[in-house]
1. Has segment 116-135 got at least one residue that is within 28 Å of ASP28 (Cα to Cα) and either under 17 Å from the mean Cα position of the chain (by Cα) or surrounded by 19 or more Cβ atoms within 10 Å (Cβ to Cβ) (or both)?
2. THR128 is checked against (1) more than 16 Å from PHE8 (Cα to Cα); (2) part of a helix (DSSP H, G or I) and fails just one. What number does that condition carry?
3. Would you check if PRO101 is assigned to a loop (DSSP other than H, G, I, E, B) and open to solvent by less than 30 Å² (accessible area, probe 1.4 Å)?
4. Could you tell me which residue of segment 139-154 is farthest from GLY12 (Cα to Cα), considering only residues that are of a type in the set (A, V, I, L, M, F, W, C) and surrounded by fewer than 18 Cβ atoms within 10 Å (Cβ to Cβ)?
5. Which ones in segment 15-34 are under 15 Å from the mean Cα position of the chain (by Cα), open to solvent by 20 Å² or more (accessible area, probe 1.4 Å) and either aliphatic (A, V, I, L, M) or under 14 Å from LEU165 (Cβ atoms) (or both)?
6. Considering only residues that are outside any loop (DSSP other than H, G, I, E, B) and without any contact (Cβ under 8 Å) to a residue 24 or more places away in the chain, look in segment 59-98 and name the one that is farthest from GLY12 (Cα to Cα).
7. Would you check which residues across segment 59-76 are in contact with a helix residue (DSSP H, G or I) (Cβ under 6 Å, 6 or more places away or on another chain) and not hydrophobic (A, V, I, L, M, F, W, C) and list them?
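The values are calculated or read from the model by the stated rules, or taken from the named source; none is laboratory data. Every value quoted in this text rests on a predicted model; they were computed, and no experiment measured them. Counting neighbours? That spans all protein chains shown, and the Cβs are built from the backbone with ideal geometry, glycine included. Just so you know, the surface numbers come from the protein's heavy atoms only, side chains and all, with ligands and any DNA or RNA stripped out. Shrake-Rupley method; radii C 1.70, N 1.55, O 1.52, S 1.80 Å.
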Amino acid sequence: MGDLTVVFGVSGVGKTTACARLAQRHDDFRHITASELIGQVRMSPDRSIDQVSATQAEIVERIHRLRDNDPRRIILDGHCVIRLASRLYQVPNDVIAALAPAVIILVEAEPETILKRRSDRDVPVRATTVAEVAQELSLTRKTCLAYNRELSIPLKVFRSGESDLADQLFAFLT
């Protein structure tokens, strides 16, 4: 079974770019995003908690199949805090426990940097102010710390934009 690393961070922090670069540079790593596993259509903020739970169960199932069939180290990049129409939703501990990652990586950046990156992208994101981005960042950190504390999964925090994040991730994971 392939080793799994989960990389969390808010949209626009740079996690997908860094993970993709890492996998491009090193053949023994496979990068996949949660949205690739379930499709963008199912990512609507108007979905219900039941729909989000079903989506999370599907991600777990697909990751287990990948791990069983791919000897490479898998890097799953996704969100542990999901923006729904009515609130921010924290992915429950049991979902993370079912994924059974070897390590969780949290990627952070300044709210202003994230907001700028979001405005430069084609994909609309509901958090449109520095305060909203800061709230997402804070809850994402709190959620990752809870996974670390309550599930005893190692957690490493990286700052995006300070140097080549892909190189930092590789150095940490090897």
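1. No: segment 116-135 contains no residue that is within 28 Å of ASP28 (Cα to Cα) and either under 17 Å from the mean Cα position of the chain (by Cα) or surrounded by 19 or more Cβ atoms within 10 Å (Cβ to Cβ) (or both).
2. Result: THR128 passes all but (2).
3. Yes, satisfied.
4. Only one residue fits best here, namely LEU151.
5. THR16, THR17, ALA20, HIS31
6. ASN69
7. Hit for segment 59-76 is ARG62, nothing else.
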